[in-house]
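Since the structure comes first, as structure tokens, the remarks are kept for the end.
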């Protein structure tokens with residue numbers, strides 16, 4: 001199995017996990033729970049390929065929208081991942 005064939009399932013899973021973690025953190029914040037999802041975990045998921053999912057979750061759940069790190073990182077990582085995929089396609093990797 002080629003790298004390109006594994007890339008999209010990986011990105012799909014990371015984005016779904018990103019949305020679910022944002023939703024979980026939003027619910028915990030509303031209930032004023034002490035144990036919430038760490039910001040660094042959410043940021044790591046964003047950098048790891050879950051930026052579109054994080055971006056969608058931010059808009060849908062109105063979560064982490066005041067945090068500059070999330071507002072800036074999600075769009076930048078989305079663009080970087082898109083450039084990376086386009087570069088792979090240019091290099092002839094079958095996706």
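The values are calculated or read from the model by the stated rules, or taken from the named source; none is laboratory data. In this text the structure is predicted, and so the values were computed from the model without any measurement. Reconstructed Cβ throughout: ideal geometry from the backbone, glycine too, with neighbour counts over all protein chains shown.
Only residues that are in contact (Cβ under 8 Å) with a residue 12 or more places away in the chain, over 17 Å from residue 26 (Cβ atoms) and not in a helix (DSSP H, G or I) were counted in segment 59-95, giving 3. Applying the condition of being part of a helix (DSSP H, G or I) and loosely packed, with under 13 Cβ neighbours inside 10 Å to segment 25-40 and asking which residue is nearest to the chain's Cα centre (by Cα) yields 40. Listed by first and then second residue, the pairs linking a residue in segment 2-20 that is farther than 26 Å from residue 63 by Cα to a residue that is surrounded by fewer than 12 Cβ atoms within 10 Å (Cβ to Cβ) and at pLDDT below 95, with Cβ atoms under 8 Å apart and 6 or more places separating them unless they lie on different chains, are 2/94; 4/94; 5/94.
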